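Below is one structure, written out as structure tokens; comments come after it.
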Amino acid sequence: MDKRRIGIAGVVLGLVAAVLPVTSASAVPVSETGGAVPSASTVAAAGTVDAGTSECGDDIVRTATRLAAAGASGPATCLRRTTVRKDASADRTDGSGRSLAVDICGGSTTKTRVASCVVEDGVLLIFLVPSGQIIGTIGYTVSSLTTLDYSSLRWSQSFHYRADYVTGQNAGAAVTGTYMYAEPQCLASCTVTGSTPIGGTAMPGVTHSAAGYFSSPMSGVRWAAQGGIKFWFANSLWVNGTSNSLITTPGAHRCDIALGGYPSGCVYDTVRPVLDIPSSRYPDYAYHIRLSLNYGLPRVLTRTQSDALREANRAAACPTGANYPRPAGMQCDEYPFASTYQGASMQPYGRQFFFINWNTGQGFSCQAHWLPTRAQGDSGGFSACMIPSAQNTLGGSDLGDFYYKFRVLDMDTFEVRVV
């Protein structure tokens, strides 16, 4: 019978977005530097530059020359991503020792089966046209948490912005009058169902937060979907008005309707899930799996959704009939699981465990008498063992629950771990 699982650590992520109100055209606030705050409607149209493209190029002087040739003169800007965080040690703090990224990402870029956190650093360069002289910079950190739903085709993405430093304040409002904006954007097989866009000063001292809510339409049995948060900067004194835009995104995830009898859902299928088997929940069941792993049977398994193969695996590992009796209250358990491509019918032979401590007289027997005893160094084939019926049934139920909550589909791999 197939098995397992409990101790599935569900990812519970609570997000609170502190959203700045979007200003209307009839009430445009004035910044501390005296410049008007660009309205959200104004910069939204200008912020439609494709993410990843750069209007400023790699050479600021060349860009300044190009803008001057078009008749421009004055401050201009260029937005650049500098790093994608790999570990928490790279994290900056806000002076109190508390990091912006710690709130939602723990300071580093991480990904699980159902959540992905991205932390990125960047810099906004403000320069003069036609000379190309840099007159100011704004260094910033953005962090973004995307949370998928294994039981639906909806997901959410939070976004946090904080300026880490600013230089060139003596240049006046061309630097200090800068504002940043953000909004959700679909990148593949999705629609935006809701959002809390933001617009506010890009200067240090304020953290801006936004959120995007997405949904993916059904597109076959399995398909890729992706969303992101686009952000950009604006200043009414710049000759180019707004900066180029960037998108922070965790990359594509997989959505599917491939689990019969269960709702559709989405996961990051590039992350291999781990099936934890707690010894406290089913000691005999866990002990059999632990022995199998200790003797070298595979820890990484590949799921099959073929009913025929699953039944063939069960029949090979745990045949029924008068010649294969079960002790009272016991059921036959097999490893690797019948619902995997490493199951018994795919193996050249099977073994059982039997050993005894001659000093204490205590031992362990799988009571699968139709199989030879596994010897030290024998790491091949499959294993069968009699365990209490309640534990075997619970293990099978938990395994099905694991397949659903982590959306483990045909040919997906997963790791088995006894805890």
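Quick one: would you say residue 406 is modelled with pLDDT under 95 and among the hydrophobic types (A, V, I, L, M, F, W, C)? Spelling it out, it is not the case that residue 406 is modelled with pLDDT under 95 and among the hydrophobic types (A, V, I, L, M, F, W, C).
Results for (1) out of contact with any helix residue (DSSP H, G or I) (no Cβ under 7 Å at 6 or more places or on another chain); (2) outside any strand (DSSP E or B); (3) free of Cβ contacts under 8 Å to residues at least 60 places away in the same chain, shown as yes or no for each residue.
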position: 156; (1), (2), (3): yes, no, no
position: 159; (1), (2), (3): yes, no, no
position: 200; (1), (2), (3): yes, no, no
position: 205; (1), (2), (3): yes, yes, yes
position: 210; (1), (2), (3): yes, no, no
position: 226; (1), (2), (3): yes, no, yes
position: 229; (1), (2), (3): yes, no, no
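Just one of the numbered conditions (1) over 21 Å from residue 67 (Cα atoms); (2) more than 13 Å from the chain's Cα centre (by Cα) is not true of residue 115: (2). When 164, 149 are screened for being outside any strand (DSSP E or B) and surrounded by fewer than 24 Cβ atoms within 10 Å (Cβ to Cβ), only 149 passes.
The residue that is farthest from the chain's Cα centre (by Cα), among those in the range 208-239 that are open to solvent by 50 Å² or more (accessible area, probe 1.4 Å) and among the β-branched types (Val, Ile, Thr), is 239.
For the subset of the range 247-268 comprising residues that are under 13 Å from the mean Cα position of the chain (by Cα), outside any strand (DSSP E or B) and not hydroxyl-bearing (Ser, Thr, Tyr), which member is surrounded by the fewest Cβ atoms within 10 Å (Cβ to Cβ)? The selected residue is 251. Exactly one residue out of 126, 198, 134 is touching a Phe, Trp or Tyr at 6+ places or on another chain (Cβ under 8 Å) and open to solvent by 10 Å² or more (accessible area, probe 1.4 Å): that is 134. Among the residues of the range 299-313, the one identified as among the basic types (Lys, Arg) and under 14 Å from residue 381 (Cα atoms) is 299.
Among the strands (runs of 3 or more DSSP E) confined to the range 269-353, the ones with at least 3 residues that are open to solvent by less than 10 Å² (accessible area, probe 1.4 Å) are located at 330-335. Each residue in the range 354-367 was checked for being in a loop (DSSP other than H, G, I, E, B) and at negative phi, and 6 pass. Can you tell me which residue in the range 148-160 is nearest to the chain's Cα centre (by Cα), limited to those that are of a type outside the set (Gly, Ala, Ser) and at pLDDT 95 or above? Looking at residues that are of a type outside the set (Gly, Ala, Ser) and at pLDDT 95 or above, I get 148. Annotation note: of 277, 247, 289, 257, the sole residue that is closer than 30 Å to residue 111 by Cβ and touching a Phe, Trp or Tyr at 6+ places or on another chain (Cβ under 7 Å) is 289. Hey, among 225, 234, 188, which residue is small (Gly, Ala, Ser) and more than 28 Å from residue 111 (Cα to Cα)? None of the others qualify; the one that does is 234.
The C-beta contact set for the range 111-123 (first residue of a type in the set (D, E, K, R), second residue surrounded by fewer than 20 Cβ atoms within 10 Å (Cβ to Cβ) and part of a strand (DSSP E or B), distance under 6 angstrom, 6+ apart or interchain) comprises 120/81; 120/84; 121/82; 121/83.
The values are calculated or read from the model by the stated rules, or taken from the named source; none is laboratory data. Values in this document were obtained by computation on a predicted structure and should not be read as measured data. Reconstructed Cβ throughout: ideal geometry from the backbone, glycine too, with neighbour counts over all protein chains shown. Keep in mind that these areas ignore ligands, DNA and RNA; they rest on the heavy atoms of the full protein, side chains included. Shrake-Rupley method; radii C 1.70, N 1.55, O 1.52, S 1.80 Å.
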